[in-house]
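Below is one structure, written out as structure tokens; the observations come after it.
The values are calculated or read from the model by the stated rules, or taken from the named source; none is laboratory data. Predicted, not measured: the structure shown is a model, and the values here were computed from it. Note that we place each Cβ from the backbone using ideal geometry, even for glycine, and neighbour counts take in every protein chain shown. For the accessible areas, the whole protein counts, side chains as well, though only heavy atoms, and no ligand, DNA or RNA atoms are used. Shrake-Rupley method; radii C 1.70, N 1.55, O 1.52, S 1.80 Å.
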Amino acid sequence: MFQPSIVHKIKILVFSILCSNSFAQIITIPIETKQNALVLQTDAENRLGIVYFGKKLSKTSEYTGIWNDHKYNDVNAAISHSVYTPSGSWNMIEPALTLIHADGNTSTDLKYVSHKAEKQGENVLLIRILLKDPVYATEIMLFYKTYFAENVIEQWSTIKNNEKGNLKMNKYASANLYFIANNFYLKHYHGGWGREMKPEETKLTAGIKTLDSKLGTRANLFQPPTFSLSFDKPATENEGKVLFGTLAWSGNFKIDFEKDSYYNLRLIAGINSHASEYVLSNNQTFKTPSFIYTYSENGKGEASRNMHQWARKYRILDGEGSRLTLLNNWEATYFDFEEQKLTGLFKDAKKLGVDMFLLDDGWFGNKYPRNDDHAGLGDWQENRKKLPNGIGYLVKEATKAGVKFGIWVEPEMVSPKSELYENHKDWVIRQPERPEHYFRNQLVLDLTNPEVQDYVFGVLDNLFNKNPELAFIKWDANATIFNAHSAYLQKQNLPQTHLYVDYVKGLYKVLERIRAKYPKIPMMLCSGGGGRVDYEALKYFTEFWLSDDTDPLERIFIQWEDSYFFPAISLCNHITDWSKVGIKYRTDVAMMGKMGYDIVVNNLSEKELLFSQNALKKYVELKGTIWHGEMYHLVNPWENPIAAMQFVSQQKDHAVMFSYLTTNRFELSFTSKPIKLEGLDANKQYKVKEINIYPDTESILAKECIYSGEYLMTIGVNPDITLKRTSVVLEINEAK
Ligand code: GLA
């Protein structure tokens, strides 16, 4: 049983050993969660290394001797496993820290000075470790925040310039870890617009494998800072040793996996220092973003549930709260709408049965109306032609129709055809001497500039001041940074190499201000699809947009992957007309998260409308389990012709299983096996019934069968997916 009081006693193990003719005091620092331990230990030179990462031992005292059993008989051994590898002195391998000291010297060494543990509530412990260079006054503090029950560690560092002059940082990682195993398998992701989160798993070989981004904003477009790492052999859903890791930073990142000369793995994660040398003036402290990780010896499923529990409880804004279902007009109208059309859509939203109407792009700009994506960004005044009575009128009309009203903004960006651009060219990130280069016909505003921060905050603040009933914000960011140059930094005599970092810090300052004034308003994090999602941004956002690709078949794969790292309550899944697949399939897929619509309700047939209305009513009953329950990936669509996912309530009295055909091959007609459920109580009895049945059709499954939890988890249940039954949802209720 979890006993927080004993757990949070950090044990400092100090003992003396005989080493190279002298007595050195060896300090051992175990950083423990419910199941795991990261153990740090000083060496005879008082440098701190990682001596263990994995399942925790029951006798903490036994950690002290672990490193004696590792025989790496050359001088590099003490370098490879450093907790924060400096450069320029004894280290010859990839560093975590590269400094140019105030006197121009490029060497750094780090020695252990002290550490302390601070309890932050029943479940959370913050351990600080101070390291210092014996020659230079600069101080490095390593932070390890443990979330005991969730087996999550959040790690970051601070660098404090105590030198008399400027300290230049060439590399400043968040985390430096060391893993010992026979082999390492990295599962990472790549993609682009409309094809986010494509996985690849690879056995790491000697040398460095890097995941990184240099895009500035929309930084995940090609690759997210999110991965899983299996030890010894690739982990499966319920077996194997696996670490899930992610960097909480909405800008350029770099994660290096270096298999060293002892076949062990070094991990160095942090801000990408590419073109980002950062200068600290005397007494200034730099805080790196957090690297967040969890480890399981029971496969990827447990690791993902660790992450979900942690994210809901400690990270995502209102992670344990509720969410609004909605009708969005983007794919229904694109830029082509006016007041009357919209008020008609409010009625449609009500008819459908969602909580809210979300007005997307195209509502603003007068001198340069936003009628397509070539103009208007930055001019956040209602377009008088489309909306003669303003947003206020729309909010009132929506309320009259019985739905809430939300709105799309993209406040970090500017169209070259806009009044904002004409009046404030110096607010735009651009190289004055070079031709402009656009991403989606737009440019990025310079958030290093406090005036721009005020402006971006003002976009939202004005909307709320004028329309206090606004219920939701969709915050988009569609461009990357080309021609990185800041007029503001130049004016302040600050290095241009601060731009990528200070942009993100500026963005967080704005979001901080928004949340101080509007703590609860739900906000969707969107970036031309899924171009920006990380656990720092999600402190300020309630949910995120995974991809502009809403084809349900594609979505099964995207949602499958995103749902390892992010809980269902944060995944915005919309039913759209992107594909010709029937409304049932589209709806069933969207239900595995936060459901919304982006369709022309009037185009629905009578039966489709009825199906959708019933599905929304059912969703009200299921959403507690989907949003707050535990998720299980049952059948992997990358390896099978079907996909199945399951959600189980925390009390294990309710569950939902979603299953889909992901191929149209005839072969499927010959084979159909039961799917084993997970996470139920073996001793409970459960009623299983098919739901989301299309009007005038019947389930071919027996009505409300009763099974034991043991049966459902050992033998399973067959949803009977066929070419004619391409999507089946089963509800599992405890039979009381
Ligand atoms: C991005 C978003 C879409 C939509 C458009 C509007 O592509 O991902 O959902 O909001 O912008 O321009």
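From Leu571, Leu507, which residue is open to solvent by less than 10 Å² (accessible area, probe 1.4 Å), within 16 Å of the ligand (Cβ to nearest atom) and either within 14 Å of the chain's Cα centre (by Cα) or in contact (Cβ under 8 Å) with a residue 40 or more places away in the chain (or both)? Reasoning before the result, please.
Details: Leu507 fails: within 16 Å of the ligand (Cβ to nearest atom).
Just one listed residue meets the conditions, Leu571.
Is one or more of the residues making up the stretch 583-596 open to solvent by 10 Å² or more (accessible area, probe 1.4 Å), out of contact with any Ser or Thr (no Cβ under 9 Å at 6 or more places or on another chain), closer than 30 Å to Asp336 by Cα and in contact (Cβ under 8 Å) with a residue 24 or more places away in the chain?
For the stretch 583-596, residues open to solvent by 10 Å² or more (accessible area, probe 1.4 Å), out of contact with any Ser or Thr (no Cβ under 9 Å at 6 or more places or on another chain), closer than 30 Å to Asp336 by Cα and in contact (Cβ under 8 Å) with a residue 24 or more places away in the chain: absent.
What tally of residues in the stretch 528-545 results from selecting those that are in contact with a strand residue (DSSP E or B) (Cβ under 6 Å, 6 or more places away or on another chain) and within 16 Å of the ligand (Cβ to nearest atom)?
Residues that pass the stated criteria total 6.
Could you check how many residues of the stretch 699-736 are among the charged types (D, E, K, R) and open to solvent by 70 Å² or more (accessible area, probe 1.4 Å)? Outline the logic, then answer.
Here is the first cut: in the stretch 699-736, the ones among the charged types (D, E, K, R) are 703-704, 710, 720, 724-725, 731, 734, 736.
Next, only the ones that are open to solvent by 70 Å² or more (accessible area, probe 1.4 Å) stay: 703-704, 710, 724, 736.
The total comes to 5.
Is it fair to say Val459 is closer than 30 Å to Phe566 by Cβ, within 16 Å of the ligand (Cβ to nearest atom) and among the β-branched types (Val, Ile, Thr)?
On the way: closer than 30 Å to Phe566 by Cβ: yes; within 16 Å of the ligand (Cβ to nearest atom): yes; among the β-branched types (Val, Ile, Thr): yes.
Yes; evaluated as a whole, the condition is true for this residue.
In the stretch 582-637, how many are basic (Lys, Arg), touching a Lys or Arg at 6+ places or on another chain (Cβ under 9 Å) and more than 25 Å from Asp360 (Cβ to Cβ)? Break it down stepwise before answering.
At the first step, the residues of the stretch 582-637 found to be basic (Lys, Arg) are 584, 586, 594, 607, 617-618, 623.
Remaining after also requiring touching a Lys or Arg at 6+ places or on another chain (Cβ under 9 Å): 586, 594, 623.
Applying the additional criterion that residues be more than 25 Å from Asp360 (Cβ to Cβ) yields none.
Qualifying residue count, the stretch 582-637: 0.
Going by what's in this entry, would Ser612 be described as among the hydroxyl-bearing types (Ser, Thr, Tyr), open to solvent by less than 10 Å² (accessible area, probe 1.4 Å), under 13 Å from Arg323 (Cβ atoms) and in contact (Cβ under 8 Å) with a residue 60 or more places away in the chain?
Answer is no for this residue.
Please specify each residue of the stretch 347-396 satisfying the condition of being touching a Gly at 6+ places or on another chain (Cβ under 7 Å), of a type in the set (Asp, Glu) and either closer than 30 Å to Lys617 by Cα or surrounded by fewer than 22 Cβ atoms within 10 Å (Cβ to Cβ) (or both).
Listed by number, the list holds a single entry, Glu382.
Just need a number here: residues in the stretch 295-313 that are open to solvent by 50 Å² or more (accessible area, probe 1.4 Å), among the polar types (S, T, N, Q) and not in a helix (DSSP H, G or I).
At the first step, the residues of the stretch 295-313 found to be open to solvent by 50 Å² or more (accessible area, probe 1.4 Å) are 297-298, 309, 313.
Among the residues that remain, those that are also among the polar types (S, T, N, Q) are: 298, 309.
Next, only the ones that are not in a helix (DSSP H, G or I) stay: 298.
Summing the residues that are open to solvent by 50 Å² or more (accessible area, probe 1.4 Å), among the polar types (S, T, N, Q) and not in a helix (DSSP H, G or I) in the stretch 295-313 gives 1.
Here are Asp232, Asp212: which of them is within 14 Å of Lys254 (Cα to Cα) and open to solvent by 10 Å² or more (accessible area, probe 1.4 Å)? Step through it out loud before you land on a result.
Details: Asp232 fails: within 14 Å of Lys254 (Cα to Cα).
None of the other options fit; the residue is Asp212.
Output the residue which, of all residues in the stretch 171-208 that are charged (D, E, K, R) and farther than 14 Å from Phe253 by Cα, is surrounded by the most Cβ atoms within 10 Å (Cβ to Cβ). Reasoning before the result, please.
Taking the stretch 171-208 first, the residues charged (D, E, K, R) are 171, 187, 195-196, 198, 200-201, 203.
Next cut, farther than 14 Å from Phe253 by Cα only: 187, 195-196, 198, 200-201, 203.
On the way: Lys187: 20, Arg195: 16, Glu196: 28, Lys198: 14, Glu200: 9, Glu201: 14, Lys203: 12.
Out of the qualifying residues, it is Glu196.
So Lys351 passes all but one of these: (1) within 20 Å of Ile575 (Cβ to Cβ); (2) away from the ligand (no atom under 16 Å from the Cβ); (3) assigned to a loop (DSSP other than H, G, I, E, B). Which condition number does it fail?
Exception for Lys351: condition (3).
For the stretch 422-436, indicate whether the set of residues that are open to solvent by 30 Å² or more (accessible area, probe 1.4 Å), of a type outside the set (A, V, I, L, M) and within 16 Å of the ligand (Cβ to nearest atom) is non-empty.
First, pick out the residues of the stretch 422-436 that are open to solvent by 30 Å² or more (accessible area, probe 1.4 Å): 422-426, 430-436.
After this cut, where a residue has to be of a type outside the set (A, V, I, L, M) as well, the list is 422-426, 430-436.
Applying the additional criterion that residues be within 16 Å of the ligand (Cβ to nearest atom) yields none.
No, the conditions are met nowhere in the stretch 422-436.
Starting from residues that are over 22 Å from Thr217 (Cβ atoms), in contact (Cβ under 8 Å) with a residue 24 or more places away in the chain and open to solvent by 40 Å² or more (accessible area, probe 1.4 Å), keep the ones in the stretch 513-527 and report whichever is farthest from the ligand (Cβ to nearest atom).
Across the stretch 513-527, the extreme among qualifying residues is Lys517.
Please give the number of the condition Glu410 fails out of (1) away from the ligand (no atom under 15 Å from the Cβ); (2) under 32 Å from the mean Cα position of the chain (by Cα); (3) of a type in the set (D, E, K, R).
Every condition holds for Glu410 apart from (1).
Quick one: in the stretch 54-93, which of the residues that are open to solvent by 30 Å² or more (accessible area, probe 1.4 Å) and aromatic (Phe, Trp, Tyr) is farthest from Gln35 (Cα to Cα)?
Trp90
Can you tell me which residue among Phe346, Phe286 is free of Cβ contacts under 8 Å to residues at least 60 places away in the same chain and not aliphatic (A, V, I, L, M)?
Details: Phe286 fails: free of Cβ contacts under 8 Å to residues at least 60 places away in the same chain.
Within the list Phe346, Phe286, the selection yields Phe346.
Filter the stretch 86-107 down to residues that are aliphatic (A, V, I, L, M) and in a loop (DSSP other than H, G, I, E, B) and give me whichever is nearest to Leu142 (Cα to Cα).
To start, the set of residues in the stretch 86-107 that are aliphatic (A, V, I, L, M) comprises 92-93, 96-97, 99-100, 102.
Imposing the further condition that a residue be in a loop (DSSP other than H, G, I, E, B) reduces the set to 92-93, 96, 102.
Working: Met92: 22, Ile93: 20, Ala96: 12, Ala102: 22 Å.
Restricting to residues being aliphatic (A, V, I, L, M) and in a loop (DSSP other than H, G, I, E, B), the top hit is Ala96.
Please return the ranges of strands (runs of 3 or more DSSP E) entirely within the stretch 108-209 where 1 or more residues are in the same structural domain as Tyr293 (by TED's automatic domain parsing) and small (Gly, Ala, Ser).
Numbers: elements: 111-119, 124-132, 139-147, 152-160, 167-179, 184-190, 198-203.
Counting at least 1 such residues, we get 111-119, 152-160, 167-179.
Take Ala332 and tell me if it is of a type in the set (Gly, Ala, Ser), within 30 Å of Ile583 (Cβ to Cβ) and away from the ligand (no atom under 16 Å from the Cβ). Working first, answer last.
Details: of a type in the set (Gly, Ala, Ser): yes; within 30 Å of Ile583 (Cβ to Cβ): yes; away from the ligand (no atom under 16 Å from the Cβ): no.
For Ala332, the condition - of a type in the set (Gly, Ala, Ser), within 30 Å of Ile583 (Cβ to Cβ) and away from the ligand (no atom under 16 Å from the Cβ) - is not met.
Those residues that are more than 25 Å from Thr662 (Cα to Cα) and either open to solvent by less than 50 Å² (accessible area, probe 1.4 Å) or of a type in the set (Gly, Ala, Ser) (or both), I need them from the stretch 630-651; list them, please.
Ser649
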